[in-house]
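Below is one structure, written out as structure tokens; the observations come after it.
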Amino acid sequence: MTSIIEFIHALGKYDFLQSALLTAVMVGIMSGIIGSFIILRGMSLMGDAISHAVLPGVAVAYMLGINILIGASVFGVLAALLIGFVASRSKIKTDTSIGVVFSAFYALGFILISMAESSTNLHHILFGNILAVSDSDIMTTAVVLGLVILFVVTFYKELLVTSFDETYAKTYGLNVQIIHYALMLVLTLVTVSALQTVGIILVVAMLITPAATAFLWTDKLNVMLVLSAVVGVISSITGLYFSYTFNWASGPAIVIVAAMLFAISFVASPKQNFFKLKRSVAR
Amino acid sequence: MLTVKNLTVAYDDTPVFSDVAVNFNAGKITGIIGPNGAGKSTLIKAILNLIKARQGSVDYNGQSMKSVQKKIAYVEQRKDLDLTFPIDVLDVVLTGTYGKLGLFKNPGKAEKQASLDALEQVSLSEFKKRQIGNLSGGQLQRVFVARAIVQQAEIIILDEPFVGIDLQSETAIMQILKQWRDENKTIIVIHHDLNKVTKYFDDLVILNHGIVDFGPAKQVYNPKNIESAFSADLSSVLFQEKEGVQ
Ligand SMILES: Nc1ncnc2c1ncn2[C@@H]1O[C@H](COP(=O)(O)OP(=O)(O)OP(=O)(O)O)[C@@H](O)[C@H]1O
Ligand SMILES: [Mg+2]
């Protein structure tokens, strides 16, 4: 209990902690929203792939001294296009295509990073370094959050119909490819923002775990989006608290909280019917 | 009139059918019959541009299919949908209004009312709030028919709509199709129950990796055509029974 009060005190005192909290909350919201579409489209693996494939973009951005959002977006979208290209132009299945492309990008990223910067930076990219966010990082994250919300609100109905029934969307003339690649672009932007809080390795957890948790509680897409964002925010704040209090790395702390929330939902949600299932199995 | 010219479609090296030419008339319910794997669904998908034809063209009153895309309603055969998707029956039907709304416009009161009316027509009103995974197969099929209703299309294409549906719903859907026919729409139905062919359809296309015959159902549905598309045995069973009754 005293540690919670301490945490709140520290929040009032230290700018870096306020920045960290603000960033974590924004990332929790955006990854919860975009993650919902990722899991509903059966693209969890794609989410993981894109989050790793941005690494060379991050390295190139360091080298050229440009905003990492730009470098990362280029490589994230390039990876998505390449995955789609390989899968559609051959008999290779999409998950295999994802595996080939993202590991190649990831490997390239390691090589470029080692050429560009010291290894401490690599550590931060992989595991996140939320206690070191700058004011410009906060601005960038805020812009991405704005874009995510604008994208989802504007194209809600297109995202819904392509996620639910893509063939039908095609028959009425919707360009489902553009929706797909726009979502991949937004996913890339979210990934880059989440790099700071949880790092590349755990970005996929922020995308998938809150969304999966929300999915267990509702049968309505709009409710799921909001719930998922809420779960993302709670995970971020609580994780940051653990990180500060026990000196854990912020990324793993946030992800563990998200996983706990999922576990509770898994047992308690009416949709999952955990107890009923168990009983009927036992019978 | 929907006109198919010299259409050749292939998934791999050997085409499913080559050089298919056939017309679908407005104000008619046209049935498509043929054995499993004959290429019925493939023909429809090629007409809808869901698969690229290797050769040939399709037009609707001289216009390209792309330009009339928003005037088409299509109910697929056996959808492999994610039945756990967080969406209820009413919202599925509501997606039928998306094509006409276009980008940046959201369904409002009118669209919602149209969807409720469509659900009423397929007798699913009481299920409107139900998540779609919690329906029977036949009820789910009727949800997609309801979505086709709200699309207010000129061309309606149904791929085996009566599979797994009870007779009562089948009759109700046929009633809707007949109403559309009287509104001069073009209706295409892939069907496998040969006994009802002449009862349900005005025109008939018989397919077996190519057109066996097409034209008015009463003429085309004859022992010779059924024999060449299916088998002599089937033909004799179907037509002997008929003669026996007469
Ligand atoms: N996606 C696909 N890839 C490869 N071959 C396919 C594909 N879809 C269908 N085929 C093949 O094309 C042929 C025609 O299939 P189609 O689905 O058009 O038949 P159908 O007449 O609709 O049959 P059914 O009565 O079983 O629905 C079949 O031999 C089938 O195996
Ligand atoms: Mg078929």
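The values are calculated or read from the model by the stated rules, or taken from the named source; none is laboratory data. Since we're looking at a predicted model, the values are computed, not measured. Using ideal geometry, Cβ is built from the backbone for each residue, glycine included, and neighbour counts are taken over all protein chains shown.
Whenever a residue of segment A:174-202 is on the phi > 0 side of the Ramachandran plot, its partners that are crowded, with 24+ Cβ neighbours inside 10 Å and part of a helix (DSSP H, G or I), lying with C-beta atoms within less than 6 angstrom and at least six residues away or across chains, give the pairs A:Gly199/A:Gly251.
Residue check: B:Ala46 meets all listed conditions (1) in contact (Cβ under 8 Å) with a residue 40 or more places away in the chain; (2) touching a Leu at 6+ places or on another chain (Cβ under 7 Å); (3) closer than 30 Å to B:Val20 by Cβ but one, namely (1). Pairs are defined by a Cβ separation below 7 Å, a sequence spacing of at least 6 or placement on different chains, a first member in segment B:79-90 that is more than 7 Å from chain A (Cβ to nearest Cβ), and a second member that is among the polar types (S, T, N, Q) and not in a loop (DSSP other than H, G, I, E, B); the pairs so defined are B:Leu90/B:Ser115. For segment B:153-167, a residue qualifies if it is over 19 Å from B:Lys79 (Cβ atoms), surrounded by fewer than 18 Cβ atoms within 10 Å (Cβ to Cβ) and touching a residue at least 40 places away in the same chain (Cβ under 8 Å), but none of them does.
In this structure, B:Gln77 qualifies as assigned to a loop (DSSP other than H, G, I, E, B) and not aromatic (Phe, Trp, Tyr). Please specify each residue of segment B:77-121 satisfying the condition of being within 23 Å of the chain's Cα centre (by Cα) and either within 16 Å of ligand 2 (Cβ to nearest atom) or of a type in the set (Val, Ile, Thr) (or both). Result: B:Gln77, B:Arg78, B:Lys79, B:Asp80, B:Val89, B:Val92, B:Val93, B:Thr95, B:Thr97. Within segment B:176-187, not a single residue is within 16 Å of ligand 1 (Cβ to nearest atom), free of Cβ contacts under 8 Å to residues at least 60 places away in the same chain and out of contact with any strand residue (DSSP E or B) (no Cβ under 7 Å at 6 or more places or on another chain). A single entry from B:Ser67, B:Ser57, B:Ser41 fulfils the requirement of being surrounded by fewer than 22 Cβ atoms within 10 Å (Cβ to Cβ) and within 8 Å of ligand 1 (Cβ to nearest atom): B:Ser41. Taking the numbered list (1) more than 14 Å from chain B (Cβ to nearest Cβ); (2) exposed (fewer than 15 other Cβ atoms within 10 Å of the Cβ); (3) modelled with pLDDT of 85 or more in turn, A:Met115 passes all entries but (3). Applying the condition of being assigned to a helix (DSSP H, G or I) and within 12 Å of chain A (Cβ to nearest Cβ) to segment B:42-61 and asking which residue is farthest from ligand 2 (Cβ to nearest atom) yields B:Ile47. The single residue among A:Val223, A:Val190, A:Val161 that is part of a helix (DSSP H, G or I) and either away from chain B (no Cβ under 14 Å) or over 23 Å from B:Asp88 (Cβ atoms) (or both) turns out to be A:Val190. Could we say that B:Ala110 is part of a helix (DSSP H, G or I), more than 14 Å from chain A (Cβ to nearest Cβ) and in contact with a Gly (Cβ under 9 Å, 6 or more places away or on another chain) here? Taking the combined requirement at face value, the residue does not satisfy it. For B:Leu2, the conditions (1) more than 16 Å from A:Ala169 (Cβ to Cβ); (2) within 16 Å of ligand 2 (Cβ to nearest atom); (3) buried (at least 21 other Cβ atoms within 10 Å of the Cβ) are fulfilled apart from (2).
Here segment B:9-34 is the region considered, the condition is being within 8 Å of ligand 1 (Cβ to nearest atom) and surrounded by fewer than 16 Cβ atoms within 10 Å (Cβ to Cβ), and the residue that is farthest from the other protein chains (Cβ to nearest Cβ) is B:Tyr11.
Just one of B:Lys199, B:Lys178 is in a helix (DSSP H, G or I) and under 14 Å from the mean Cα position of the chain (by Cα); which is it?
Exactly one of B:Lys199, B:Lys178 is in a helix (DSSP H, G or I) and under 14 Å from the mean Cα position of the chain (by Cα), namely B:Lys178.
When restricted to residues that are within 16 Å of ligand 2 (Cβ to nearest atom) and of a type in the set (A, V, I, L, M), segment B:19-41 contains 4.
Within segment B:203-214, restricting attention to residues that are within 11 Å of B:Ile32 (Cα to Cα) and not β-branched (Val, Ile, Thr), the residue that is farthest from ligand 1 (Cβ to nearest atom) is B:Asp203.
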